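Engineer: First the structure, then my questions, so here it is.
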Amino acid sequence: MNGLKKIFGILWILIALVIGYFGITVMGIPKITSGKQEDLVFGIIILFVLMPIISGGLGVFGYYALKGEYSDDKI
């Protein structure tokens, strides 16, 4: 089971990278450069608030799973 947790740790890190890339290239930068005020506000929220929380949280969770912090033999 601990091996499966480490595999899922790698998966979480990869998902964090994919979501970070998608959030920046599809949701963030195009919204900021569109020229409309409502898109600008949404793009700033996506880039500077949501992307660090989402991709950072997934990455940290994956790192800890890969490191073995969630293993069964920990007390």
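Engineer: Can you tell me the Rg and Dmax of the chain, counting just the alpha carbons, in angstroms?
Structural biologist: Just the Cα atoms of the chain yield Rg and Dmax of 16.2, 54 Å.
Engineer: Tell me what the chain gives for mean residue ellipticity at 222 nm when only DSSP H runs of n ≥ 4 count, each as -39,500 (n - 2.57), the sum divided by the residue total, rounded to 500 deg cm²/dmol. Write down the numbers at each step before the final one.
Structural biologist: Working: 4 runs with 51 residues, N = 75.
Helix contribution divided over all residues of the chain: -21500 deg cm²/dmol.
All of the numbers you see were taken from the coordinates with simple rules; none came from a lab. These numbers were taken from a predicted model, which means no experiment stands behind them.
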